Amino acid sequence: MTTRRIGHWIGGKHVADDTARTGEVFDPSTGEVVANLALADSATVDRAVADALAAWQSWRTSTLTRRSKVLFAFRELVAANRDELATLVGREHGKVHSDAFGEVQRGLEVVEFACGIPHLLKGGFSENVSGEVDSYSLRQPLGVVVGITPFNFPAMVPMWMFPLAIACGNAFVLKPSDRDPSVSMRIAELWAEAGLPDGVFTVLNGDREAVDALLVHPDVAAVSFVGSTPVAQHVSRTANEHGKRVQALGGAKNHMVVLPDADIEMAADAAVSAAYGSAGERCMAISALVTVGDIADELLPAITARIAELTIGPGTDPDSEMGPLVTRVHRDRVADYVAAGADEGAEVVVDGRELAAPDGREDGFWLGPCLLDHVTPGMSVYTDEIFGPVLVVLRVASFDDALALVNASPYGNGTAVFTNDGGAARRFQSEIEVGMVGINVPIPVPMAYYSFGGWKDSLFGDSHVHGTEGVNFYTRGKVVTARWPDPSRRTGVDLGFPTT
Ligand code: NAD
């Protein structure tokens with residue numbers, strides 16, 4: 001059987017790029033190679049950006065009515081094809097279908113927000129700021145903007161970016177993860193079907209070579225990045241040095257603080273769902289459980305009982321609740337962290353390394369849920385982002401200790417507090433140095449009309465994604481001051497500084 005080849009989407013059509021270097025795309029549940037992926041070189045990057053720039057010249061002046069019509073049509077197509085898009089995500093990422101379906105839905109909500117672009121781009125107007133002088137503000141598109149996205153949400157994270165970028169009148173070049181690129185190629189086809197002019201949406205597949213060429217390209221105006229912290233730093237620094245606007249969202253270590261008065265059953269459900277959903281490969285996964293006082297003695301048995309009930313299996317099986325990890329290399333890296341935690345003195349309460357692979361899928365990238373107790377802040381299982389189904393438990397004596405622990409982390413993406421004490425929750429939301437906070441909500445991902453983003457090493461740049469911050473990121477402001485004098489009156493020469 002010949003392996004499928006995935007090229008790029010440039011100028012409104014598939015481009016094979018037959019001579020390019022290639023990468024392998026896997027089915028994580030079996031370990032089989034399902035596709036070969038063309039990896040763009042700098043010449044292909046130049047071609048894609050030139051094409052996008054040409055398309056932008058007319059898209060930037062398209063009417064708001066036209067843009068919102070295309071967006072509404074795209075919205076209908078994504079909604080109608082939700083199931084197929086989720087299947088494409090699951091096949092290459094490995095996540096279970098309900099999870100993949102949920103990510104398409106959350107991306108769709110950003111498209112729906114972007115459908116309101118005529119309202120979102122309304123500027124201000126002040127009549128008579130001076131005699132016969134009016135002032136008004138405009139927001140205008142930037143040009144060719146780039147999105148570089150991670151493997152873990154191959155549909156949703158790009159959809160955090162391109163609906164607003166395109167609605168604002170930019171041309172968008174997406175460089176998706178090289179591990180699960182197929183859903184982006186299908187989304188490109190849906191844009192074409194929705195009536196988006198060729199070249200306004202481009203998918204450029206590749207690895208570091210393509211990213212680095214985009215970051216220094218003179219015709220790229222802005223870069224949105226989501227991925228790990230070291231790459232986010234590299235992207236932010238390089239794009240800034242080359243004069244581009246940049247927002248670079250990085251990695252995370254998200255704490256769930258459980259106070260002694262919390263509802264144990266609710267906290268246990270939340271911890272298991274948020275730690276092991278999507279095999280922990282979520283930037284908003286709970287990876288550190290901070291128990292205050294003696295609550296761990298009751299909470300941990302409730303968590304281990306729930307872990308024992310989880311069904312681990314391929315995403316295509318409707319009974320599966322958790323699938324495999326994305327690659328063999330990543331699976332082994334996560335397992336090595338569990339071994340390191342044990343060596344450093346943590347107690348491995350549940351050891352997912354013992355999981356038996358499902359029948360016929362022995363070469364898949366399987367690792368079961370892992371729970372490590374008595375973890376201390378110096379251990380690598382706590383300091384590092386593991387990005388797998390590993391929940392570490394840190395026991396602290398007081399609420400103050402919990403706040404200090406979370407605030408000492410270099411990451412600040414998401415966090416949650418579980419309590420029945422409104423005053424404690426209020427103090428938590430006020431004092432915690434994290435961008436997205438949940439109160440009895442373990443994964444507080446903001447809705448499309450708010451903006452998503454962390455603090456500290458979880459975001460480099462000033463703007464969060466989507467919501468009104470997304471509109472501002474993809475546009476720049478201009479203020480016009482206009483005089484239309486009454487023809488019956490004349491002002492003479494006046495060398496003084498203009499005042500009202
Ligand atoms: P990654 O950093 O390895 O890759 C992200 C993107 O950068 C991909 O498109 C990849 O091809 C490219 N890339 C990788 N290495 C590069 C390099 N050296 N130079 C230039 N480009 C490079 O991330 P990943 O493994 O795909 O995704 C997981 C990471 O993403 C985790 O750290 C997770 O926390 C993070 N993430 C963060 C958020 C957030 O909102 N903060 C959301 C999702 C994922």
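The values are calculated or read from the model by the stated rules, or taken from the named source; none is laboratory data. Keep in mind that what you see is a predicted model, and the values were worked out from it rather than measured. So basically every Cβ, Gly included, is an ideal-geometry build from the backbone, and we count neighbours across all protein chains shown. To get the accessible areas, we keep the full protein, side chains included, count just its heavy atoms, and leave off ligands, DNA and RNA. Shrake-Rupley method; radii C 1.70, N 1.55, O 1.52, S 1.80 Å.
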Output the relative contact order of the chain, whole-number percent, from Cα pairs under 8 angstrom with separation of 6+ residues.
18 percent
Just in the stretch 90-140: which trypsin sites (Lys or Arg not before Pro) are loop by DSSP and have at most 13 other Cβ atoms within 10 Å?
122
Under 20 Å Cα-Cα from residue 122, which aspartates and glutamates qualify once same-chain neighbours fewer than 8 residues away are excluded?
112, 134, 469
Please calculate the 1.4 Å probe accessible area of residue 119, with all protein chains present, and give it to the nearest 10 Å².
130 Å²
Could you pull out which residues in the stretch 161-199 have an amide N less than 17 Å from a spot 7 Å beyond the Cα of residue 54, following the Cα-Cβ vector?
171-173, 197-199
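Note down the magnitude of the dipole of the stretch 1-68 about its Cα centre, charges +1 on Lys and Arg C-beta and -1 on Asp and Glu C-beta and zero elsewhere, to the nearest 20 debye.
Numbers: 8 positive and 8 negative charges, 102 e Å.
Charge dipole of the stretch 1-68: 500 debye, to the nearest 20.
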Tell me what the chain gives for mean residue ellipticity at 222 nm when only DSSP H runs of n ≥ 4 count, each as -39,500 (n - 2.57), the sum divided by the residue total, rounded to 500 deg cm²/dmol.
-11500 deg cm²/dmol
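Compute the Cα gyration tensor for the stretch 320-398, then decide on rounded, prolate or oblate, letting a ≥ b ≥ c be the square roots of its eigenvalues: rounded whenever a/c is under 1.5, prolate when a/b is larger than b/c in the other cases, and oblate in all that remain. Write out the running numbers ahead of the final one.
Values: a/c = 2.41, a/b = 2.04, b/c = 1.18.
Cα axes put the stretch 320-398 in the prolate bin.
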If a/c stays under 1.5 just call it rounded; otherwise compare a/b with b/c (prolate if a/b is bigger, oblate if not). Do that for the stretch 245-310, with a ≥ b ≥ c from the square roots of the Cα gyration tensor eigenvalues.
oblate
Amide H neighbours of residue 174 at under 5 Å, excluding residues fewer than 5 places away on the same chain, with H built from the backbone geometry, are 147, 202, 203, 204
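To the nearest 20 debye, what is the magnitude of the charge dipole of the stretch 157-250 about its Cα centre, counting +1 on the Cβ of each Lys and Arg and -1 on the Cβ of each Asp and Glu?
On the way: 7 positive and 10 negative charges, 65 e Å.
Using only the charged Cβ atoms, the result is roughly 320 debye.
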Net charge around residue 353, counting only other residues with Cβ within less than 12 Å of its Cβ (Lys, Arg = +1; Asp, Glu = -1)?
-3
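Could you order 266, 436 so the one with the most accessible surface comes first? Probe is 1.4 Å.
Values: 266 75, 436 10 Å².
Of 266, 436, the descending order of accessible area is 266, 436.
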Which percent of the accessible area of the stretch 254-439 is formed by carbon and sulfur heavy atoms (probe 1.4 angstrom)?
47 percent
For the stretch 314-322, in residue order, the Karplus 3J(HN,Hα) values (coefficients 6.51, -1.76, 1.60; θ = phi - 60°; whole Hz; Gly and Pro = x) are x, x, 6, 7, x, 7, 5, 10, 9
Amide H of residue 12: which non-local residues (sequence gap of 5 or more, or other chain) have their own amide H closer than 5 Å, using H built in the peptide plane?
199
With the dipole of the chain worked out from charges on the C-beta (+1 for Lys and Arg, -1 for Asp and Glu) around the Cα centre, which of 182, 55, 101 lies farthest toward the positive end?
55
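Taking the Cα centre of the chain as origin, sum charge times position over the Cβ atoms of Lys and Arg (+1) and Asp and Glu (-1), and report the length of that vector in debye to the nearest 20.
On the way: 40 positive and 64 negative charges, 527 e Å.
Around 2540 debye, computed over the chain.
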Round to a whole number: what % of the accessible area of the stretch 161-246 belongs to carbon and sulfur, probe 1.4 Å?
46 percent
Given 69/244; 95/253; 13/478; 175/478, the pairs whose alpha carbons are separated by over 28 Å
69/244; 13/478; 175/478
Point-to-point label distance, residue 122-residue 240, nm (Cα→Cβ direction, 7 Å offset):
3.6 nm
Lys and Arg at +1, Asp and Glu at -1: add these up for the other residues within a Cβ distance under 9 Å of residue 104 and post the number.
0
Taking +1 at the Cβ of each Lys and Arg and -1 at the Cβ of each Asp and Glu, which of 381, 326, 482 sits farthest along the dipole of the chain towards its positive end, judged by Cα position relative to the Cα centre?
482
Just check the chain against the gyration tensor rule for me: Cα atoms, a ≥ b ≥ c as the square roots of the eigenvalues, rounded for a/c under 1.5, and otherwise prolate or oblate depending on whether a/b exceeds b/c.
oblate
Distance between modelled label sites at residue 310 and residue 130, nm, 7 Å Cα→Cβ extension:
6.6 nm
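With every protein chain kept in place and ligands, DNA and RNA left out, what is the accessible area per residue of the chain? Probe 1.4 Å, answer in Å².
Here the per-residue accessible area is 41 Å².
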Taking a probe of 1.4 angstrom, what is the accessible area of residue 298 in Å², to the nearest 10?
120 Å²
Listed residues 250, 498, 449: farthest to the positive end of the dipole of the chain (Cβ charges):
498
So if each residue of separation counts as 0.36 nm, and I subtract the Cα-Cα distance between residue 441 and residue 233, what length gain in nm does that give?
71.9 nm
For residue 93, what is the net charge nearby, where nearby means another residue's Cβ is under 11 Å from its Cβ and Lys, Arg count +1, Asp, Glu -1?
-3
With every protein chain in place, the accessible area of residue 198 for a 1.4 Å probe, in Å² rounded to the nearest 10, comes to 100 Å²
Within the stretch 375-405, what residues put their amide N at less than 20 Å from the label point 7 Å along the Cα-to-Cβ vector of residue 426?
399-400, 403
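Quick one: compute the contact order of the stretch 1-111, relative version, from alpha carbon pairs under 8 angstrom and 6+ residues apart, as a percent.
On the way: 105 pairs, mean separation 23.9, N = 111.
That works out to 22 percent.
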